[in-house]
Amino acid sequence: MAPEIGVHLESGRNIIETTVILSVLSSPVRLMKFDKSIIVYGRNRIMKKLLSIACVTAAMLMPSIANSQDVRLTPSKPSHYFYTPTAYVTKPFTLVASLHEVSYSFPGRFQVHASLIDNIGRINFGGKYGILENMSVGAGLAYSLGHMGKGDHGIPNYADPRFGTYLAVGLVRTPTVECAITPHMQVGDRVSSGVDFGIMGTLSDWVSIIGEVGSSFDFHDDFFYLNFDSGVRIHPPKIPYLQFDGGIDIEEWPVGERSPTVAPFIDVIFCIRTNN
């Protein structure tokens, strides 16, 4: 049984011990300005929209917390590997907060998600619906606010926002191994389509290994793009609501046109269920 974290609301004062978490989501975000070779920033209007979404997500949690005198928060799991989405939707009322995934899931296998850095399923903000237990469809804004390193994952830095969609099909899902294949398409000023593959193997209670391969064909410039990444996910048993990702990303490059570049991949993921 997953351990629980008690949150006590004092009668008449409504002191919520998770205020820090929600205030991080709802407060203005100021990113430190690094060298352009480290992070490429998107447009301010897109950032404002994403911050609004984060505030809405935080607001959605308040009713379930405020309506109870003793809320139990159960650790959960993210719904992505590094860049590729899982084929399943997280359990209802699951909140995930990280650089790559800010999401909240509802009953009926529906989930909304956004990404502060890069994207998931080549979508920066959108929704995900579980058609079956291990198959889902996603759609939304195909864009990226920023990237780790010089390159990109599926969305060129110079591209305007587009409409994106994907179908995530789970091939295997066991307690130790899971993987999914994700056909995807982005439509707008340019059209591109391809297939991504993600796999995760759990070695112990502490460590999982993740590997991904991505491909895309751009019909605008007739280039075929590839990307690879791999690394580890650390999930300490004593802090089950936190997970840590680290790895190497061979960034997407047009095959035959230029050589790929390598960038680090890092993330800290906070996952809980807000209502049981």
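The values are calculated or read from the model by the stated rules, or taken from the named source; none is laboratory data. On a predicted model such as this, the values are computed, not experimentally measured, just so you know. Don't worry about glycine lacking a Cβ; one is built from the backbone with ideal geometry, like all the others, and counts go over all protein chains shown.
Restricting the search to segment 99-111, which residues are under 8 Å from the mean Cα position of the chain (by Cα) and either at pLDDT 95 or above or not in a loop (DSSP other than H, G, I, E, B) (or both)? Selection gives Val102, Ser103. For segment 217-276, a residue qualifies if it is under 27 Å from Asp189 (Cβ atoms) and among the hydroxyl-bearing types (Ser, Thr, Tyr), and the qualifying residues are Tyr225, Ser259, Thr261. Restricting attention to segment 208-244, the residues being touching a residue at least 40 places away in the same chain (Cβ under 8 Å) and over 19 Å from Tyr83 (Cβ atoms) number 2. Reported count of residues in segment 168-197, each being in contact with a His (Cβ under 8 Å, 6 or more places away or on another chain) and under 18 Å from Ile120 (Cβ atoms), is 5.
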